[in-house]
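**Q** This structure is in structure tokens; I'll ask about it shortly.
Every number in this text was worked out from the coordinates using simple rules, so none of it is lab data. On a predicted model such as this, the values are computed, not experimentally measured, just so you know. A quick note on method: Cβ atoms are made from the backbone with ideal geometry, for glycine too, and the neighbour counts reach across all protein chains shown.
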Amino acid sequence: MKRKAFDELKAWKERSCGESALLVRGARRVGKSYIVEGFAKKEYKSYILIDFNLADEQVRDMFIHDLNDLDTFFLKLSTLYNTKLYERESVMILDEVQLFPRARSAIKYLVADGRFDYIETGSLISIRKNVEGILIPSEEDKLDMYPMDFEEFLWAVGDETMFPLIKNCYEKKQPLGQALHRKAMDLFRQYMIVGGMPQAVKAFAESRDFDKVDRAKRRILNLYRDDIRKHAGSDAMKIEAIFDELPSQLKNQNRHFKLSSIEKGARFDSYKDAMFWLSEAMIVNNCYNSTEPSVGLNLNRDRTLLKCYMGDTGLLISHAFDENGIVSEEVYKKLLLDKLEVNMGMVIENIVSQMLTRSGHKLYFYANSDRDDSDNRMEIDFLIAKSKISNRHNISPIEVKSGKNYTLSSLNKFRRKYAEQTHIPYVLHTADLKEEDGIIYLPLYMAGMV
């Protein structure tokens, strides 16, 4: 399936000219190996793929003992993989490099040699045990891969025309109109419930069978649980407890993650490594409270008050509606038609967090629970900083609304209190685009364009 990462890989190759390796990071089953090998086949004369899930001791020993003689190192690899290497026309792929950190450390010497290009793929790259005792190469560019975005989903299901129209209307701040908006929302709901994991999207594109889609997603969820038990060490039980608790936490009205629901009297310090593991695995997207909505959102981050969103909303649905081991076709159809009698707020907010993350935003929200002054008491779903910072008006508050009838009391309080800091206030909702009273109302399918 067509992925935007392919163009980013091409840009790296042209920009780097062999002076840096590329590390492609992402959650398991997000499509890293598939897109990198496809790129190598198309853009190079030959390639060698070393999968450290499968690589034997002979291959691993070469990265330990043969780097002082790179002529012999390359000859051995070429013979072992029965692939001829061509100077400046071949690439080596170090797949799942976190399983053998010494290979990542070798990048420094391989890049300095200059004969070939190098692409690494991996998950959990920054976890302590995966960097312990190695020299992290400075000759390494990074590319984060996420689940397929809405445009990539539309490509997969054979729609090449809807997204250019959406983008044009966003840029001109024009509504799509009733008929086209309805069609766009139908496609967006498909994307939301299928999600962006390539296996699930492929199952949907080929069959339109939600049972097959759900089975594909459930295999990924089971893989994540297996990874936690296999790779998380002493924190495995805490990580799995957080992972299993995610849907019920997102059902809460304010979505804040409450550790007390896992363990009575639990403190953040005892769970912070578990939270970091899930975030580093890119299974979740953490959203932190910024106590002062100014330019430095990260400087005012309250690390103990956070929301924990699933990295893929399709996976969240399979995770959340799991009464019988599989989400029934009937549930999917009701979700598709917006007929399921559940609070859709958590699903809608999760897909917005996913789209904002994919478009490069760090996730922040604003919460003030002042008991003495109601004018200070408010909560804003997301805060983003504009790309070009100026003296004032740098922060855009974003409110996400899943229903047709809603109020904007928190957004209006925010605009009054932080008038000097506020850039463009947005409301993301199920209706078409409009501008009113200084607020831009965007349909949900435009969230990734903000």
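**Q** For the pairs K230/K272; K251/K333; K339/K417; K251/K362, flag any whose C-alpha to C-alpha distance is greater than 27 Å.
**A** K339/K417
**Q** On average, how much area does the Cα convex hull of segment 81-201 cover when viewed from any direction, in nm²?
**A** Over all viewing directions, segment 81-201 projects a mean Cα-hull area of 11.8 nm².
**Q** Still on this structure, I have one more. If you place +1 on the Cβ of every Lys and Arg, -1 on the Cβ of every Asp and Glu, and leave all else neutral, what size is the dipole of segment 394-450 about its Cα centre, to the nearest 20 Debye?
**A** 240 debye
**Q** Continuing with this model, one more query. Out of T422, T313, T72, any idea which swings most in a Gaussian network model of the chain, alpha carbons joined below 10 Å?
**A** In this elastic network of the chain, the residue with the biggest mean-square fluctuation among T422, T313, T72 is T72.
**Q** Now, a different point. Order of E96, E120, E420 from fewest to most other C-beta atoms within 10 Å?
**A** E420, E96, E120
**Q** Shifting gears a bit: Please arrange I107, I136 by counting, for each residue, the other beta carbons lying within 10 Å of its beta carbon, fewest first.
**A** The most exposed by this proxy come first: I136, I107.
**Q** How long, wide and thick is segment 151-449, going by the Cα atoms along their three principal axes, in whole angstroms, largest first?
**A** Principal extents (largest minus smallest coordinate, Cα): 52, 50, 34 Å.
**Q** Right, another one. Once both labels are modelled 7 Å past Cα along the beta-carbon direction, what's the D244-K167 spacing in nm?
**A** 4.4 nm
**Q** Apply the membrane-span-like helix rule to the chain: whole DSSP H runs, Cα extent along the own long axis of at least 18 Å, mean Kyte-Doolittle hydropathy at least -0.5. List the helices found.
**A** 178-194, 236-251, 345-358
**Q** Further question on the same structure: Report Rg(Cα)/(2.2 N^0.38 Å) for segment 5-145, keeping two decimals.
**A** Normalised Rg, Cα atoms only: 0.95.
**Q** Can I ask one more? Rounded to the nearest 500 deg cm²/dmol, what is the calculated helix-only ellipticity per residue at 222 nm for the chain, with -39500 (n - 2.57) per DSSP H run of length n ≥ 4?
**A** -13000 deg cm²/dmol
**Q** Note down the nm distance, to one decimal, between modelled labels 7 Å out along Cα→Cβ at Q174 and at R102.
**A** Result for the modelled spin labels: 6.2 nm.
**Q** While we're looking at this one, here's another question. Roughly what percent of Cα-Cα pairs across segment 352-448 reach past 22 Å?
**A** Of the Cα pairs, 28 percent sit more than 22 Å apart.
**Q** Could you tell me which residue out of F52, L383, H231 lies farthest along the dipole of the chain toward its positive end? Charges go on the beta carbon: Lys and Arg +1, Asp and Glu -1, centred on the Cα centre.
**A** It is L383, whose Cα lies furthest towards the positive end.
**Q** Got a sec? How would K386, K13 order by Cβ neighbour count within 10 Å, fewest to most?
**A** K386, K13
**Q** So if I restrict to the alpha-carbon atoms in segment 273-323, what is the Rg, and what is Dmax, the biggest pairwise distance, in Å?
**A** 13.5, 44
**Q** Dipole size in debye (nearest 20) for the chain around its Cα centre, Lys and Arg Cβ +1, Asp and Glu Cβ -1?
**A** It works out to roughly 780 debye.
**Q** While we're looking at this one, here's another question. On full extension of the chain, what length is gained from L336 through R392, given 0.36 nm per residue of separation minus the C-alpha to C-alpha distance?
**A** 16.0 nm
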